[in-house]
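The values are calculated or read from the model by the stated rules, or taken from the named source; none is laboratory data. On a predicted model such as this, the values are computed, not experimentally measured, just so you know. All Cβ positions, even for glycine, are placed from backbone atoms using ideal geometry, and neighbour counts span all protein chains on display.
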Amino acid sequence: MSQLHPNLDIDQANQDLQGKSPEQIVAWALTQAKNPIITTNFRPYESAILHLVAKQRPDITVLWVDSGYNTDATYRFANKVINDLDLNVITYIPKQTAAHRDVTMNGIPGVNDEQHDKFTEQVKLEPFRRALDELQPDVWFNAIRKDQTEFRQGLDVLSLSKDGVLKVAPLFEKTDSDLDDYLLEHNLPNEFDYFDPTKVEEHRECGLHTQL
């Protein structure tokens, strides 16, 4: 329970949503929302969550925290998805340029480098917190899935951020194969040339869902 959702029993809600389709989960979550957002980093399969939510709420704010380290392919993919789905994207960027940071930190710090936490704070956590402070959402749609990391296996479709924002993961139970079918059915693009400088390894957490 939170100040933003004082009447929500999140455990009961998670139980009620068991077995529901992603479309049904989105529809339910939108009934709880006055100012919803969806977050994206335009990683593989992101067009699925963006299409899923935007077809029910076309004007929803889409938050993209652009670290400045995306591949050319990711930027092209983002442009295509934004244009094809006519998304209402608001982009937040770090306060320092990637070029300045590369000189200061001698490139992207590895996960065992003492500067890695500072790097993650600068390129991802600080701009994301700034976005939440300014946008003031009450519902946050995201694309996390149970099979992505060990940490996420202990989560559920619904959870609360530290600020009481209702986090909703409509695709939580879905696999890559499920999403391949969704993309094919709706003629949506995909892109696998993606790089997250804060994770380095595919099954590491990026920090957003452990600290926010």
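Is the stretch 42-52 home to any residue that is in a loop (DSSP other than H, G, I, E, B), crowded, with 19+ Cβ neighbours inside 10 Å and touching a residue at least 12 places away in the same chain (Cβ under 8 Å)?
Yes, because at least one residue in the stretch 42-52 is in a loop (DSSP other than H, G, I, E, B), crowded, with 19+ Cβ neighbours inside 10 Å and touching a residue at least 12 places away in the same chain (Cβ under 8 Å).
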Yes/no for Lys34 being within 21 Å of Pro170 (Cα to Cα) and either modelled with pLDDT of 95 or more or out of contact with any Cys (no Cβ under 7 Å at 6 or more places or on another chain) (or both) = yes
Of Asp59, Asp11, the only residue that is assigned to a helix (DSSP H, G or I) and of a type outside the set (A, V, I, L, M) is Asp11
Residue pairs qualifying under the 9 Å Cβ cut-off, at least six apart or on distinct chains, with the first in the stretch 125-145 being without any contact (Cβ under 8 Å) to a residue 40 or more places away in the chain and buried (at least 19 other Cβ atoms within 10 Å of the Cβ) and the second being of a type outside the set (Val, Ile, Thr) and in a helix (DSSP H, G or I), are Arg145/Arg152; Arg145/Asp176; Arg145/Leu179
